[in-house]
Amino acid sequence: MIESIKEKIADTVSEAPDERNAGIEPAENALAFAVALGMTFLARQTLQAGWRTTFDRDPPKNPASHEVAWKDALLWGAVSGAVVGIARIASRRASSKAYQRFKA
């Protein structure tokens, strides 16, 4: 059992590439990260403004708090998670495509 755990840890932290990001250069990865970070911030700000406009109150700062109603916590978690996830994926793909076009 211990040996199995040691092997899994060694595989996880190994220096060998895992082929998931094969062909992606460090500069492209850095650009994609920076753009995704900016888009995540922008998406979150937009979501908060939309929440304020729709419900006339601030969105929950900590949905896990007992002071936040279940309905608000679940709604904020689902909507913000989906929108921020979509923004991150779309921005990384768009920035990678732009980098490849610029590089060519």
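The values are calculated or read from the model by the stated rules, or taken from the named source; none is laboratory data. Note that the structure is predicted; figures quoted are calculated from it, not measured. Neighbour counts are summed over all protein chains in view; Cβ atoms, including those assigned to glycine, are modelled from backbone coordinates with ideal geometry.
Here are a few things to note about the model shown:
- Of all residues in region 67-80, one or more are touching a helix residue (DSSP H, G or I) at 6+ places or on another chain (Cβ under 6 Å) and modelled with pLDDT of 90 or more.
- Cross-chain or 6+ apart pairs with Cβ under 6 Å, region 27-40 first and in a helix (DSSP H, G or I), then surrounded by fewer than 16 Cβ atoms within 10 Å (Cβ to Cβ) and of a type outside the set (Val, Ile, Thr): none
- Of all residues in region 57-104, those satisfying the criterion of being farther than 30 Å from ALA30 by Cβ and of a type in the set (Lys, Arg) are ARG57, LYS61, LYS71.
- The set of residues in region 55-93 being surrounded by 15 or more Cβ atoms within 10 Å (Cβ to Cβ) and free of Cβ contacts under 8 Å to residues at least 12 places away in the same chain consists of VAL68, LEU75.
- Meets criteria (closer than 30 Å to PRO26 by Cα and of a type in the set (Ser, Thr, Tyr)) for THR54: no
- Region 53-104: number of residues that are assigned to a helix (DSSP H, G or I) and more than 19 Å from GLY38 (Cα to Cα): 16
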